[in-house]
Structure formats: C-alpha cells, structure tokens
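Accompanying notes for the structure given below.
Nothing in this text is a laboratory measurement; each read-out follows from the coordinates by a stated rule. Because the structure is predicted, anything quoted here is derived from the model rather than measured. Using ideal geometry, Cβ is built from the backbone for each residue, glycine included, and neighbour counts are taken over all protein chains shown.
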Amino acid sequence: MTDIKKPATLSALDALGALPVLQAFDFSHFGEIETQPLARIRKLTAGFLARNWAMIPHVTHCDDADITALEALRKTQSGTDRIGMLAYLLKAIAAALKEFPQFNASLDGSPAAKDAQLILKKYVHIGVAVDTPKGLMVPVIRDCDKKSVRELSQEIAAISARARDKGLTLDEMSGGCFSVSSLGGIGGTYFTPIINAPEVAILGICRTFPKPLPGANGGIDWRSTLPLSLSYDHRVIDGADAARFTVFLAKILASPEQL
C-alpha cells in the first residue's frame, strides 16, 4: 500500500520568507526627489512593527466612552493641579486588566505546541506611546494599579519629556503588560494600533468629540465622547471579551469618582 503523506505546511516564518521581495525603484526617473537618513530608532521600530503585524492575528474592536463627567471634573482643576486625561485612562485600564486578566497576559510558545502556556501577570505595567522627533518610544509606567491618578499624571509627564529630550533606556521601555497609543488632540476617530508583542492587546484613543444622544423630554443631550480602538491577539482574546473590556472601561470612565 502506498503511504499517504500529509501535505507540507508553511510555518508563519516560512510564509514570510516565501513572500516576494519588494523591488527597489529609481524614483528620480519620475521627477525630482530628496533623500533623508532614517533615524536609528525608526529603523528598530519598523522591524518590530512588521514582525508583530505579520505574526499576530490582529482584530480591532471600536467603541465610545462617555467622558462628560470626567471632562467636567478636569475643568475644575487648574495649573499644576490639572490632571492629564491619560492618567485617568491608565487608572481605568488598570481596573479593567484586573477584571479581565486574559488581557494582562502573554503567550509562552506557539499556541499549536503541546507545552503552550498563557502567562497571566499579577502586576500592572502599562506602556504609553510617545511621539518624539526621532520616532516612536513606548515608556512603561509601572504599578498603575497602586498609584493615584495624580501620581500617574506626574510620572507620564516626566517620562514623556525625557523621551523627547534625552531618550530612554531599554529598561524604561521593557516589562509592559498592555499599551496605549494616544493621538490626543491631533484628530481622527478610530484606527488600528499594532500590538506591542509579547503583549496581547493595545488601546488606541483619538480626540474627544461631541456626540448627540436622546435627552430628557425628547431633547438632545450632547455628550463628550472618547473614541476607543482596542486591537487584540485573537489567539488569546475573543470578540466578546474585547466588547466586555471596552464596555467596562467606558463605565469606569463615565464615573470618575471611582478613580
């Protein structure tokens, strides 16, 4: 009897190697050009982003958070007493990671392997993407669950300034459990942030916008709305988990007294 062999399958890395190579072009053939050297940090970031995008099955879940009460609270603060929005968000994410521990995890080995494990972390360290002149840096704010929003706000401001002015050490960008990418007041609504492996999820936020909702007596109630874009590793997290995560997060943000 002839042996029946299973069809050969490509691993993810083999599949990447099988992709056609991008051709080099002489763009000057089409018109005037200018060349600029690529910053070292951008070169490093490009490699990690390409790997993460190719190797992790990304899904992005979008939702809105009503932060009307939170914005009203922040307006009562002034000068050095004013707490950044990102600090409240990190505190809310810390609570959500406690409620949904599969988001505060990392895969150990290939999911197809017999000895594959999911590592659940008991600490809450959150990376914050910072736009710098040299490229993107992601400092890690440690023990977000144990710090007040004021402490978080001060630490975010200090480490972001250091990232832009002097740069960060590898240690300051290591050990994160979850990341946040904020476009802040620049603009936009929703986007797909790329997961920062070995993490399994990342949250993107854009500029707050006014959203009309049904009000009392048939009127319109305008609410301050924060758009949320949650990218997650579908090998670890299902769509229903992502929806529950953002609903929980929005609920926490809607009641800032909980923070």
Per the 1/(1 + (r/R0)^6) rule, R0 = 45 Å and r from the Cβ atoms of Asp145 and His29, FRET efficiency to 0.05 is 0.20
Give, to the nearest whole percent, the P(r) tail of the stretch 31-121 beyond 19 angstrom, counting all Cα pairs.
69
Using alpha-carbon coordinates, inclination of helix 40-55 to the longest axis of the chain, degrees
80
For the stretch 154-167, Karplus-derived ³J(HN,Hα) couplings (6.51, -1.76, 1.60; θ = phi - 60°; whole Hz; x for glycine and proline) come out as 5, 5, 4, 4, 5, 6, 5, 5, 5, 4, 6, 8, 10, x
Can you tell me what share of the DSSP beta bridges in the stretch 95-191 is antiparallel? A percent to the nearest 5 is fine.
75
So how do Thr189, Thr80, Thr208 line up by other beta-carbon neighbours within 10 Å, fewest first?
Thr80, Thr189, Thr208
Quick one: of the DSSP bridges fully inside the chain, what percent are antiparallel, nearest 5?
80
Once Arg207 and Leu120 are pulled to full extension, the length gained, defined as 0.36 nm per residue separation minus their Cα-Cα distance, is 28.1 nm
Under 28 Å between alpha carbons, and skipping anything fewer than 8 positions from Lys75 in its own chain: which lysines qualify?
Lys91, Lys146, Lys147, Lys211, Lys251
If the reach is capped at under 18 angstrom between alpha carbons, list the aspartates and glutamates near Lys43, excluding any in the same chain fewer than eight residues apart.
Asp131
What does the charge add up to near Leu183, with Lys and Arg as +1, Asp and Glu as -1, over the other residues with Cβ less than 10 Å from its Cβ?
0
Enumerate the amide H contacts of Thr225 below 5 Å, restricted to partners 5 or more residues apart or on another chain; note that Pro and chain-start residues carry no placed amide H.
Ile67, Phe209, Lys211
Just to check, using Stokes-Einstein with a Kirkwood Rh over alpha carbon pairs, what's the diffusion coefficient of the stretch 82-165 at 10 °C and 1.306 mPa s in µm²/s?
111
Please order Arg223, Arg74 by the number of other Cβ within 10 Å, starting at the fewest.
Arg74, Arg223
Fewest to most Cβ atoms within 10 Å: Thr169, Thr192, Thr68 sort as Thr169, Thr192, Thr68
Quickly estimate the mean residue ellipticity at 222 nm for the chain, helices only: each DSSP H run with n ≥ 4 gives -39500 (n - 2.57), and the total goes over all residues, rounded to 500.
-9500 deg cm²/dmol
Pick from Gly215, Gly31, Gly167: which residue has the top mean-square fluctuation in a GNM of the chain where Cα pairs under 10 Å get a spring?
Gly31
With no solvent and one point on each alpha carbon, what is the Debye value of log10 I(q)/I(0) for the chain at q = 0.07, 0.08, 0.13, 0.14 Å⁻¹?
-0.31, -0.40, -0.92, -1.04
Test of understanding: in a Gaussian network model of the chain with alpha carbons linked when under 10 Å, which of Gly84, Gly109, Gly204 would top the mean-square fluctuation ranking?
Gly109
Two-site FRET efficiency, Asp171 against Ala216, from Cβ-Cβ distance with R₀ of 41 Å, rounded to 0.05
0.20
